[in-house]
Each structure stands twice: as structure tokens, then as C-alpha cells.
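Working notes, beginning with the structure itself.
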Amino acid sequence: MRFRLRYQQHDYELPEGQFAVGRNSSCQLAIDDPLVSRRHAIFTVHQDRIFLEDLQSRNGVLVNGLRISGSVEVKPGDRLMIGAQELTLHSNRERDTPAAHPSQAGNRTLPRVVVSEPVDDLGGDTDEFEPSMIRRADSLVLLGGVAEKALAMGRADEAERILASALADVIEASRAGKKVTSSLCDMAARFSARLATATGKGAWADYVVELYSAQGRPAPALVIDELYHALRKVNAVDMRKLREYIAQLRERSAVLGPADRFLVQRIEGLERLAALR
């Protein structure tokens, strides 16, 4: 069996031997991504089997949502995450697109056998959601760690650049009516609220309001706390959007428990604070 790797709508042949992936131009597949290590991972290809090894990279390798350690056998159809980049493995029996032909490395040593573990807890609800939502969560987890470091060093613009694409994916999925996991929503909202505080841009606060309005539930306390900080620094927020969200929550107040009703009261306080800007 011959294998190929699909990345960004291109197919790369995987000849027998080793095939490296990383940021370094010496790799057979060089990926320009700050989350990808210089030599991040390597495929070892045999006639009818293929193994993927994590080369002790900083941000790890995921196979079908599971983080691997060392080397593991992979199969056609497996979904791979290297840094924030998604790749899929195929066999040449399925070929339907032209393939690129990178150079071949010569080492053919057999890899080690390892145990993989889950990369993140999505609240126990992943079976109910389409794989694209889980991929978005995987990506946001990885990017979030890098963005947190940038925020801690006061580099708000850098954190915004790192997170912008992943956060846009989440809100666009929500606008398209796709079911976004509660944990992914909360994670995206926390990062957006922090960006609002760090950059002073009201659009990130508006993002949070729109996301929870689509979910039809109050934002959690940690997100609300961050929004109180943000509204003291942002230039402006969309008052219409905020008021519509509050009106939506008030309509549901009869079915909300005491804790959620308290959250609604705190969100109403955000409206009063925003009106003073």
C-alpha cells in the first residue's frame, strides 16, 4: 500500500522511509506556523504500515483528537493535528487529486509503541457534536496557550493575531447555526473578553454577547468578571446587541435557576456600565 498526506488541499506522497514535518526548511513538509516546532514530527513508512512520531515537540501531535507520545501507528482516514494545522492520511487507492512529490529521507528504523491520552475535556458532550467542532476546540486549546503567554508579557496585538482566526471560526460556526459545545463557547468567550480588556476594542466584547445570545444562556461568572474589566477600557460596545441579549435572558427568567438569575442580574449591570461610556 502507498500512502499520501493531504494538507491544505494538496496531496504529498509518502514514499517508504522517513518523512519529516516541521518549520525547518529541511523537512519534507515545511509548515509556517508558530505552534509547529523546527522538527515537529516524523512519519516512518513501510510497505503496508505507517507510523507517526512526535519528536518531543512543544505543542504535541494529535491523532483523531488524542495526543500521542513518541510514535504510534496511523491508518488512512486518520485526522492529524500538528501545531494548529490539520492533515489527513490517505492511501493511494483513494486518489482523487494531483500529488506533490517531496524528497525522500533514507532512515527506515522501526518506531516505538506508545499510549495516547485525551488532549482536552470538552465537557463530556463530544459525541453530540460534529467533528469540526472538536477540531476547533483542539485548535483553540493549542493557540490559547501561546496567546496566554503573549498577554502575560503585555503583547496584546500578538495575542490578538494568534487567536483571531480560531475565534472567527467559532463565531462563524455559530452564525451558520451549527451546534457549538458549551465548553468551546466558554473558552472562546474567555479569550475574547480578555482581548477586549487587553486591546480596548469593543468588538471583542460584542463577540461574547453574540456568542451567548446564540446559545440562549447567561455567560458564566468568569466571563462576566472579565467583561466588567473590559467595559472600563473599551472604546465602545454595541448597545443594541447587548440589550437584545438581556431581553432574551429576561424572557427565559421563569425557567432559570437562582444561580442563573443572579448571572442575569450581573449582565444587566454590564448594560448600565456600558451606558456610562
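The values are calculated or read from the model by the stated rules, or taken from the named source; none is laboratory data. Quick caveat, the model's predicted, so the values are computed rather than measured. Note: ideal-geometry Cβ built from the backbone for every residue, glycine included; neighbour counts use all protein chains shown. Heavy atoms of the whole protein, side chains included, go into the accessibility calculation; ligands, DNA and RNA do not. Shrake-Rupley method; radii C 1.70, N 1.55, O 1.52, S 1.80 Å.
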_Suppose we keep only residues that are at pLDDT 90 or above and within 19 Å of residue 81 (Cβ to Cβ) within the stretch 13-23. Which one would you say is surrounded by the fewest Cβ atoms within 10 Å (Cβ to Cβ)?_
20
*Pairs, please: C-beta under 7 Å, at least 6 apart or cross-chain, first residue at pLDDT 90 or above and in the stretch 182-197, second among the polar types (S, T, N, Q) and not in a helix (DSSP H, G or I)?*
none
*Please work out which residue is modelled with the lowest pLDDT, limiting yourself to the stretch 77-98 and to residues that are under 24 Å from residue 38 (Cα atoms) and open to solvent by 30 Å² or more (accessible area, probe 1.4 Å).*
85
*Inspect the stretch 103-116 for any residue being of a type in the set (S, T, N, Q) and at pLDDT 90 or above and give the result as yes or no.*
no
*Read through the list (1) touching a Lys or Arg at 6+ places or on another chain (Cβ under 7 Å); (2) surrounded by fewer than 20 Cβ atoms within 10 Å (Cβ to Cβ); (3) within 26 Å of residue 161 (Cα to Cα), then give the number of the only condition that residue 36 fails.*
(2)
_Hits in the stretch 228-252 (condition: part of a helix (DSSP H, G or I) and either open to solvent by 50 Å² or more (accessible area, probe 1.4 Å) or on the phi > 0 side of the Ramachandran plot (or both))_ = 229, 240, 241, 243, 244, 248, 250, 251
*Does any residue of the stretch 60-67 turn out to be without any contact (Cβ under 8 Å) to a residue 24 or more places away in the chain and not in a strand (DSSP E or B)?*
yes
*Return the pairs, sorted by first residue and then second, in which the second residue is among the hydroxyl-bearing types (Ser, Thr, Tyr), the first residue lies in the stretch 236-248 and is at pLDDT below 95, the beta carbons are less than 6 Å apart, and the residues are 6+ apart or on different chains.*
none
